[in-house]
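Where a number appears in this text, it was derived from the coordinates with a stated rule and is not lab data. Since the structure is predicted, the reported quantities are computational estimates derived from the model, not experimental observations. Heads up, the Cβs are rebuilt from the backbone with ideal geometry, glycines too, and the neighbour counts pull from every protein chain shown.
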Amino acid sequence: MIVSKFGGSSVADADQIRKVKAILESDERRMVAVVSAPGKRNKEDQKITDLLYKCNSLVQKGQTCRPVFNEISKRFIQMAQKLKVDDVKLSERLDDIRCSIDAGRGADYAASRGEYLSALVISEFLGWEFLDAEDAIVINQDSTVNEATSQRLAEKLEPGKRYVIPGFYGETEQGVIKTFTRGGSDITGSIVARAIGAELYENWTDVSGIYRADPRIVEDAEVIPELSYKEVRELSDVGASVFHEEAIAPIYSIGIPIVVKNTNRPSDPGTRILPESAGNGAVAVSARTGLSRIRLRKLMLFKKYGMRHALLTMLHVFGIRPSYSLFGIDSIVWFFDSKMASDSVCDAMCERLKKEFGLDSIEVDHGHAILGVVGDGTDSSDAYLASAEALKNADIRTTFVNYGSSSASVLFGVKEDDAADAVKAVYKALF
Ligand code: ASP
């Protein structure tokens, strides 16, 4: 059995959904399709999920979501008409959803409705069963998958039947709709693949696999034929957006192979993601932008037991969870996603930390990026030296280096403005 997950661009309109049908029907092992909400049909277009979040924000501000929701309704109705799907009572469902959003059911409920409607229309078009994720996927408050999910899914999925399941959401143990983080339909696909013991998990998107570098930066970047679980996680962490970083966990222990394929070019081989790799060193380079940096200093900082932990706890109080840390004899540097805190929150945090811990100095600055050279065995190859040399030759200053913390990556801190040039320089040197 194969589980096939289709991302937003693969279900963006009726024409795309016809391609999905052709793919699903071309191999009878494809038993379950997991679908995203319709994505962008062109560069200027809006994702349905973004519109749904907008609807919720309007309600939060005391307004009705009606004007934005009308755009959503129009898209689904047009899609259903073109596909000649008229059995799903779409107009009534759309009205119900709009009323519930207006009544303040919250961001998770609103965002989840894109996947819900998408799966309803697609299941009807295919003549496959619709299984609501709300009845089968249990999500904990911290957005992780609840243990009850596998059993619930196994109970709901009858052998021999074909299903369409909406991605991205489920419900909590208390029965409240909850979503994963953005791009979370990849996680749903992975959970379903595990529950049915799939032989393959296909991830259909609008590119022909995972590239050695972002093709918007390196035009002629190659597609990587094969990657390991570890490599794909490392790569997502440094900004490559093709596969959700948390989607490996559900299948990690059973090793289901994944393939990333292009809905618009289904015969392209794509990228296979396997539990292990040959460990031949660097396979890709990517940069994660949008990071801020905290630098703090205090003489004998670590003399007091538990200091690191206490400081981190205080950061968490201000909503900051650092992604990368560096420690000196009297200093700490943390990098975190800039979206985690506004300037005023950063100022308040600095003031509180300085006072409470008697720091000599603390400052926050923005515009940082992390460049990752990824590949199993990178730590024992020449990739580190070659990358450092390439950055030096391109006149790019590094703010830190992380070598040795993982056998599958080397990380360089660079300024955000240099990130694209850094990717180009390292790609040229390595591939
Ligand atoms: N529709 C959701 C998003 O845009 C989830 C997904 O597509 O995987 O993030």
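A few comments on the model shown:
- Cα-based shape type of the stretch 312-431, given that a ≥ b ≥ c are square roots of the gyration tensor eigenvalues and the cut on a/c is 1.5: prolate
- In terms of overall dimensions, the stretch 149-281 has a Cα radius of gyration and Dmax of 15.6, 50 angstrom.
- Those trypsin sites (Lys or Arg not before Pro) in the stretch 299-389 that DSSP places in a loop and that have at most 12 other beta carbons within 10 Å: LYS304
- Segment ASN140-ASP365, length gained on full extension (0.36 nm per residue, minus Cα span): 77.6 nm
- The stretch 1-76, relative contact order in percent, only Cα pairs under 8 angstrom and at least six apart counted: 28
- Extreme residue, positive dipole direction of the stretch 137-267, given options ILE251, ILE137, ASN203 (C-beta unit charges): ILE137
- Placing +1 on the Cβ of every Lys and Arg and -1 on the Cβ of every Asp and Glu, with nothing else charged, gives the stretch 266-408 a dipole about its Cα centre of roughly 620 debye.
- For the chain, the fraction of C-alpha pairs farther apart than 40 angstrom is 24 percent.
- Unpaired cysteine residues in the chain (no second Cys Cβ under 4.7 Å): CYS99, CYS346, CYS350.
- Sparsely packed loop sites in the stretch 78-145 (the trypsin sites (Lys or Arg not before Pro) outside DSSP H, G, I, E and B with at most 13 other Cβ atoms within 10 Å) comprise LYS84, LYS89.
- Sequence ranges 48-55, 364-371, ranked by mean other-Cβ count within 10 angstrom, highest first: 48-55, 364-371
- Of the residues ILE320, LEU385, ALA348, the one whose Cα sits farthest toward the positive end of the charge dipole of the stretch 283-394, with +1 on the Cβ of Lys and Arg and -1 on the Cβ of Asp and Glu, is ALA348.
- Three-way shape call for the stretch 233-274 based on the alpha-carbon gyration tensor, with the a/c threshold at 1.5: oblate
- C-alpha center-to-center spacing [the stretch 336-388, the stretch 88-134] in angstrom: 40
- Over 20 Å (Cα to Cα) - which of LYS74/LYS178; LYS19/LYS40; LYS19/LYS261; LYS43/LYS89; LYS84/LYS156; LYS5/LYS261 fall in this group: LYS74/LYS178; LYS43/LYS89; LYS84/LYS156
- Overall form of the stretch 152-193 per C-alpha gyration tensor (a/c, 1.5; a/b vs b/c): oblate
- Straight-distance crosslink candidates among aspartates and glutamates, where the alpha carbon sits under 15 Å from LYS47 and sequence neighbours closer than 8 are dropped: ASP13, GLU71, GLU115, ASP206
- Taking 30 Å as the straight-line reach from the Cα of LYS298, the lysines in range (excluding those fewer than 8 positions away in the same chain) are LYS339, LYS354, LYS355, LYS415.
- Under-5 Å amide H pairs with VAL259, H placed in peptide plane, nonlocal only: TYR201, GLU202, ASN203, ILE273
- In the frame of its principal axes, the stretch 71-139 has Cα extents of 32, 28, 15 Å, reported largest first.
- The trypsin sites (Lys or Arg not before Pro) of the stretch 216-256 meeting both criteria, a DSSP state outside H, G, I, E and B (loop) and at most 11 other C-beta atoms within 10 angstrom of the site's C-beta, are ARG216.
- Cα centroid separation, the stretch 226-290 to the stretch 21-51 (Å): 20
- Rounded to the nearest 20 debye, the dipole size of the stretch 175-296 about its Cα centre is 500 debye, using +1 on the Cβ of Lys and Arg and -1 on the Cβ of Asp and Glu.
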